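Encoded as structure tokens, the structure appears first; notes follow it.
The values are calculated or read from the model by the stated rules, or taken from the named source; none is laboratory data. Everything quoted here is computed from the prediction, not taken from an experiment. With ideal geometry, Cβ positions are generated from the backbone for all residues, glycine too; neighbour counts draw on all protein chains shown. When the accessible area is computed, the model is the full protein with side chains, heavy atoms only, and any ligands, DNA or RNA have been set aside. Shrake-Rupley method; radii C 1.70, N 1.55, O 1.52, S 1.80 Å.
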Amino acid sequence: MTKLIIPFLFIACLFVVSCDSNNDPEIYPIRFGQTDYTIRVGVRSSIGFVDGGGVYELTASNPDVLGKYYIDNDTKTLIVVPTAKGESTLTVTDVKTNTPVTLEFTVEDFYLSFMVTEISGDNTNPYLNVRNEIRFIRDEENTKQIKIMYQDNLTYEMKCAATGYFDIERSFTNIFTLNMMLHSHHGEEFEGFSYTLGGDGEYLRIFDKYFGYDWDNSVASRTLPMKRITMIMTDSFNNCKISCALQPF
């Protein structure tokens, strides 16, 4: 009888251990929705992922470009705060599954993005339409470049409609004028457009901060920024108003 009990207990123990092992959750390697990313200098980018073992090693091919980068396990996001324009790969190795994933990053100059939300009156600017995006670019030399972007209806990608330069002039009576010089192709002559600026004063403070205009504090509201910051560009000669909303960054 004793000889039968011992093998039975041994088999029972193996069965319990096997059941406990089956209850352990299976770990899948970390996965990202895509492998190519375009981000902006100085702007904190959050990139979500799924699965993963919770322990990761991060290696950048050009750390001077990517700057600060780390994994936030609580929100399952990769955080990147780039410090320079350029390109870099970032290899994220899932330690528990020993699985590497390599992401490609293109870091562009910082820019303020305004989406055109409404146009009334006679719009003589062929590059500006509702849903177009105006990018005010801050490069290292602060040359105040500008790009007008539109969304391709087939691919849904943002494409460039025009490039050029901008500046904002301030009169003695605190009237601000946005001047644009635009063309659609290199070598093509620039077209000039001027708009009197109105709307929320908060966007002027943002232009002052990033483009170094050194305006005094009276140009912007002293209250907290609004949830939606609107810039209104008025072409007085053609009785045209173009409303734009600042995009998050």
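Can you tell me which residue is least open to solvent (accessible area, probe 1.4 Å) among those in region 34-70 that are within 24 Å of residue 139 (Cα to Cα) and among the acidic types (Asp, Glu)?
Only one residue fits best here, namely 36.
Just name the residue that is nearest to residue 138 (Cα to Cα) out of those in region 78-107 that are among the hydroxyl-bearing types (Ser, Thr, Tyr) and loosely packed, with under 15 Cβ neighbours inside 10 Å.
Among them, the one singled out is 83.
If the Cβ limit is 7 Å and pairs must be 6+ apart or interchain, which residue in region 177-204 that is over 15 Å from residue 127 (Cα atoms) and in contact (Cβ under 8 Å) with a residue 12 or more places away in the chain pairs with which residue that is open to solvent by 70 Å² or more (accessible area, probe 1.4 Å) and β-branched (Val, Ile, Thr)?
Pairs that qualify, where the first residue is over 15 Å from residue 127 (Cα atoms) and in contact (Cβ under 8 Å) with a residue 12 or more places away in the chain and the partner is open to solvent by 70 Å² or more (accessible area, probe 1.4 Å) and β-branched (Val, Ile, Thr), are 196/175.
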